[in-house]
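Student: Sharing a structure below in structure tokens format, with a few things to ask.
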Amino acid sequence: TIRASESRTTKEATPRIHGKIARPRQTSNEHTGRTMGISEAATTSDDKTNGSATTTTTSYVVRPPPIAASLLETIGNTPLVRVPDRALPEASRHATVLAKLELQNPGGSLKDRIALHMIREAEERGDLRPGMTIVDFTSGNTGIGYAMVAAALGYECVVVMPKVRSMLERYAICRQFGAEVHLVNPALGAPGAVAYLERLVAEHPAKYWWSNQLANADNPAVHGVTTGPEIWEQTGGAVDVFVHGIGTGGCVAGVGAYLKAKKPSVQVVALEPSESRVHTGAPPKSHGIVGWSPGIHATFLEGHGRPAAELSDAPRGVVDEWGHVATADAVQTATHVCRTMGLMCGPSSGAALKCAFDIAARDDSNGKTIVVVIPSHAIRYCAHPLWGATMKEANAALPAGDAPCTDKEQPVLLWDSAAYVEE
């Protein structure tokens with residue numbers, strides 16, 4: 001483990017982008033090397049075990065990245081994958097929809113980027129020093145990023161999250177990394193959690209460094225120097241629309257600003273739950289798209305600080321369109337892409353894809369390229385309604401406390417999912 005006192009020497013020996021440890025740049029026609037590239041040509045290889053030649057119908061282009069000095073070097077440079085026609089509604093197939101797979105970051109989400117960057121920049125400024133504890137409020141993914149980076153660099157970490165069932169996996173993952181978790185009253189929303197943190201830090205200013213992802217300028221900054229440039233390079237500048245949900249607003253702000261600076265015609269679509277359209281002036285309400293709309297207007301997006309009556313769905317700042325998706329549609333779309341293209345993603349990803357599909361179906365989207373971020377993997381949401389029916393069946397098949405069968409006279413097949421009927 002790299003201790004905090006050693007981290008400065010280690011990081012100075014590694015290429016970095018504005019405080020973020022850099023990985024080798026990939027050209028627009030290169031794969032990131034995280035998986036095997038597949039081509040259609042057949043190949044013949046020698047089988048060294050029996051001396052025979054083996055002919056396969058598929059060849060694999062192996063393009064691995066170099067050895068990384070630290071797990072943290074593997075953050076970023078995530079793949080951009082085309083959504084196949086079989087996963088697209090028929091009306092959406094005259095556009096190209098590309099999914100940025102942030103779930104392939106080592107901590108499992110887009111938030112690994114901001115966790116690392118905020119911590120590194122705080123070290124550079126001297127705000128975060130050896131022996132201090134990292135603390136922040138999060139709906140989970142950023143907390144996991146903090147916990148992972150803290151473990152890699154030798155810091156203690158406290159993750160503050162709402163006490164709701166959908167935090168189950170996040171709680172467990174943060175604890176597995178060694179972080180402490182404080183669960184706060186969800187009825188008080190983000191303002192209540194922020195007030196709790198303000199008191200905690202005020203009482204122990206020398207102990208805690210509050211990263212404050214909701215207001216830390218290093219949050220959107222890292223997307224402007226990594227995520228945005230990656231999308232631009234991967235598409236060869238052909239991106240026309242960028243779609244992403246509003247959590248902290250950092251990714252929308254950072255990527256949006258970068259892409260518009262490169263190509264002013266790029267349209268930025270920022271998304272909220274249909275149930276809680278805070279950024280267009282509606283009051284915050286309960287919804288099931290975890291990671292979106294914490295109940296307050298994003299600091300990084302224009303309109304922050306304005307009265308709700310002055311907000312609307314008209315374009316402002318970097319945002320051209322304020323879209324929205326209902327929780328039920330988010331769950332349905334996440335399930336759909338899982339079963340039609342093998343992309344197992346969470347509810348916020350499902351919501352963003354639903355919006356991207358709708359945009360692709362518009363008459364003026366013919367031939368356009370739409371990029372949508374896939375923030376995290378669905379396996380992190382097993383306590384969410386996204387998995388409701390599947391987990392009910394799994395619990396029926398493998399009930400808690402049910403001992404394995406030891407009777408060899410029993411049939412070989414003890415359960416067939418195709419025969420399951422929900423009670």
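Student: Give me the percent of DSSP beta bridges within segment 81-188 that run antiparallel, rounded to the nearest 5.
Tutor: Numbers: 2 of 12 bridges.
Percentage antiparallel, nearest 5: 15.
Student: Counting DSSP beta bridges in segment 224-334, what percent are antiparallel, to the nearest 5?
Tutor: Counting only bridges with both partners in segment 224-334, antiparallel ones make up about 10 percent.
Student: Which order, highest average first, do 135-142, 225-232, 249-256, 191-198 follow once you tally other Cβ atoms within 10 Å for each residue and take the mean per peptide?
Tutor: My ranking of the peptides, most packed first, is 249-256, 135-142, 225-232, 191-198.
Student: Would you mind getting the Kirkwood hydrodynamic radius of segment 325-369 from its Cα pairs, rounded to one decimal in Å? Numbers along the way, then the final one.
Tutor: Values: mean 1/r = 0.0933 Å⁻¹.
When all Cα pairs of segment 325-369 are included, the Kirkwood radius is 10.7 Å.
Student: In addition: Is it possible to state the helix-based mean residue ellipticity at 222 nm for the chain, with each DSSP H run of 4+ residues giving -39500 (n - 2.57), the sum divided by total residues, to the nearest 500 deg cm²/dmol? What is it?
Tutor: On the way: 11 runs with 126 residues, N = 423.
Helix contribution divided over all residues of the chain: -9000 deg cm²/dmol.
Student: Mind telling me which of V373, V318, V81 comes out most flexible in a GNM of the chain, alpha-carbon contacts under 10 Å?
Tutor: In the Gaussian network model the winner is V81.
Student: Using only the Cα atoms, work out Rg/Rh for segment 142-200, with Rh taken as the Kirkwood radius, to two decimals.
Tutor: With Rg and the Kirkwood Rh in hand, the quotient comes to 0.98.
Student: Applying the Karplus parametrisation 6.51 cos²θ - 1.76 cosθ + 1.60 with θ = phi - 60° to the phi angles of segment 396-401, what ³J(HN,Hα) value in whole Hz is obtained for each residue in order, glycine and proline being reported as x?
Tutor: Couplings: 6, 6, 10, x, 4, x Hz.
Student: For segment 50-125, with every protein chain kept in place, what is the accessible area per residue (1.4 Å probe, Å²)? Walk me through the intermediate numbers first.
Tutor: Working: 3360 Å² over 76 residues.
Per residue, segment 50-125 has an accessible area of 44 Å².
Student: Leaving ligands, DNA and RNA out of it, report the carbon-plus-sulfur percent of the accessible area of segment 65-200 at a 1.4 Å probe.
Tutor: Whole-percent figure for carbon plus sulfur exposure: 54.
Student: Using only the Cα atoms of the chain, construct the convex hull and provide its projected area averaged over every direction, in square nanometres to one decimal.
Tutor: 26.2 nm²
Student: Between S70 and R199, what is the label-to-label distance in nm when each label sits 7 Å out along the Cα-to-Cβ direction?
Tutor: 3.5 nm
Student: Right, here's the next one. Can you list the residues, at least 5 places off or on another chain, whose amide H is less than 5 Å from the amide H of V159, using H built in the peptide plane?
Tutor: Long-range HN contacts for V159: E180, V181, H182.
Student: Whole-Hz ³J(HN,Hα) for each residue in segment 208-215, computed from phi via Karplus 6.51 cos²θ - 1.76 cosθ + 1.60 with θ = phi - 60°, x for glycine and proline: what do you get?
Tutor: 9, 10, 8, 6, 6, 4, 6, 9
Student: At 0.36 nm per residue, minus the direct Cα-Cα distance, what do E124 and A397 gain on full extension? Give it in nm, one decimal, please.
Tutor: Full extension of this stretch gives 93.0 nm more.
Student: So, with a 1.4 angstrom probe, what is the percent of accessible area on segment 269-423 that is carbon and sulfur?
Tutor: The value for segment 269-423 is 54 percent carbon and sulfur by accessible area.
Student: Continuing with the same structure: Counting heavy atoms of the protein chains only and a 1.4 Å probe, report the per residue accessible area for segment 196-336 as a whole number of Å².
Tutor: Heavy-atom accessible area per residue stands at 38 Å².
Student: Top mean-square fluctuation among A202, A87, A328, Gaussian network model of the chain, C-alpha springs under 10 Å?
Tutor: Per the Cα network of the chain with a 10 Å cutoff, A202 tops the list.
Student: Counting DSSP beta bridges in the chain, what percent are antiparallel, to the nearest 5? Kindly include the intermediate steps, with their values, before the conclusion.
Tutor: Values: 15 of 47 bridges.
Roughly 30 percent of the beta bridges in the chain run antiparallel, per DSSP.
Student: Additional query: Could you check which residue among I370, I379, I114 shows the biggest mean-square fluctuation in a GNM of the chain with a 10 Å Cα cutoff?
Tutor: I379
The values are calculated or read from the model by the stated rules, or taken from the named source; none is laboratory data. Given the structure is predicted, the values throughout are model-derived calculations rather than measurements. All Cβ positions, even for glycine, are placed from backbone atoms using ideal geometry, and neighbour counts span all protein chains on display. The protein model used for the area step is the full one, side chains on, heavy atoms only, and it has no ligands, DNA or RNA in it. Shrake-Rupley method; radii C 1.70, N 1.55, O 1.52, S 1.80 Å.
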